[in-house]
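Q: Below you'll find the structure I mean.
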Amino acid sequence: MASRKWSAVWTAVHEERRALSADLSKVPAQRWAEASLCPGWDVHDVVAHLIDTAKTTRLGFARRLVAARFDFDRDNAVGVARERRASPAETLAEFDRVVTMTRTPPAAPATRLVEAVVHGEDVRRPLGVRREYPLNRVLPALKYQIRTSGSIGGGEERAAGFRLLAVDADFSSGAGPEVHGTALALLLAISGRPLEPGELYGPAAPDFAHQLSVRG
C-alpha cells in the first residue's frame, strides 16, 4: 500500500517538474534574474535549488549537512552555486535531466510534492505565469505541510490558532477563527509566501496575515 502511495506522489512530482520546465522554456533569459518569492533568490537560483534537491540522496544529505556545520541555509547556498549553470538554457537543460529522479533527503516523498508546488509558484508568480494545479496535488501538499513543524520547513506553527478552510476543495483544518482561501493560497501562506490582496479572506484573515508577517 505504502509503495503505491509513494508511486503516485512521485508521478505527481515528475509531472509538476515537466510543467515548470515547459513554462520556463517560454521565459526570456533576462527574466531569470528577477527576484523569486524566496528571499535572496532569483528565478535562476530557485531552478538550481530544484536541481540540487532532485539529486540529493539521504546519505548525501547527511554528508552535506556535516560539511555545512548543520546550517541548512549554508547547505542550500552551496547546492545552488553548484547546480546553477552559466546560462538559463544550460540550467533548464540540467533540470530536464533530473525530472524523473526519485531521490529525497531523509524526509517523506511528500516533501518533494510540497517543493514542486511551492517552488513552482516561487518562480511563476513573479514572472506572471499562471498554472491551474490539480487539486489532487495541492491538497496532499497542504495536508502534509500543515502538520509539519516549521523547524523542518513545514507550516504547523503558522497555522496554529486558526481554522483554515479551502473554498475550492473539501478541506478544513484547525480550530479557532476562520480563514478562507483556495487550497493553493493556504499552502503558500503556511509556507511563508506572500499572497495577493484578497487571496485570503474571512473573519480572521487580518489576524492570520499579521501572524504570518510576525513569523516570517
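The values are calculated or read from the model by the stated rules, or taken from the named source; none is laboratory data. These figures come from a predicted structure and were not determined experimentally. So basically every Cβ, Gly included, is an ideal-geometry build from the backbone, and we count neighbours across all protein chains shown. With ligands, DNA and RNA removed, areas are computed over all heavy atoms of the protein, side chains included. Shrake-Rupley method; radii C 1.70, N 1.55, O 1.52, S 1.80 Å.
Q: Can you give me the accessible area per residue for the stretch 84-154, using a 1.4 Å probe, in Å²?
A: 45
Q: At a threshold of 8 angstrom on Cα-Cα distance, excluding pairs fewer than six apart, so keeping six or more, what relative contact order does the stretch 62-216 reach in percent?
A: Taking the mean separation of contacting Cα pairs over the length of the stretch 62-216, I get 14 percent.
Q: So, with a 1.4 angstrom probe, what is the percent of accessible area on the stretch 1-112 that is carbon and sulfur?
A: For the stretch 1-112, the apolar C and S fraction of the accessible surface comes to 58 percent.
Q: How would you classify the stretch 92-216 from its alpha-carbon gyration tensor, with a ≥ b ≥ c the square roots of the eigenvalues: rounded for a/c under 1.5, else prolate if a/b is greater than b/c, otherwise oblate?
A: Since a/c reaches 1.5 and a/b is larger than b/c, the shape of the stretch 92-216 is classed as prolate.
Q: How do Thr53, Thr100, Thr182 stack up against each other in accessible area, from largest to smallest, with a 1.4 angstrom probe?
A: Thr100, Thr182, Thr53
Q: Sticking with this one: Multiply the residue gap between Asp207 and Phe72 by 0.36 nm, knock off their C-alpha separation, and tell me the result in nm, one decimal place.
A: 45.6 nm
Q: At a threshold of 8 angstrom on Cα-Cα distance, excluding pairs fewer than six apart, so keeping six or more, what relative contact order does the stretch 36-142 reach in percent?
A: Relative contact order here is 39 percent.
Q: A further question on this structure: Could you state the angle between the C-alpha long axis of helix 58-67 and the longest principal axis of the C-alpha atoms of the chain, as a value from 0 to 90 degrees rounded to the nearest 10?
A: It works out to around 80 degrees.
Q: Rounded to the nearest 500 deg cm²/dmol, what is the calculated helix-only ellipticity per residue at 222 nm for the chain, with -39500 (n - 2.57) per DSSP H run of length n ≥ 4?
A: Value at 222 nm, helices only: -17500 deg cm²/dmol.
Q: Read through the labelled values (1) 38; (2) 43; (3) 35 and report the label of the one computed as percent of Cα pairs over 26 Å apart from the structure.
A: Correct label, based on the coordinates given: (3).
Q: Helix 88-98: angle to the longest alpha-carbon principal axis of the chain, degrees 0 to 90, nearest 10?
A: 80
Q: Hey, another quick one. Between Glu196 and Val129, what is the spin-label point distance in nm, taking each point 7 Å from the Cα along the Cα→C-beta axis?
A: 1.7
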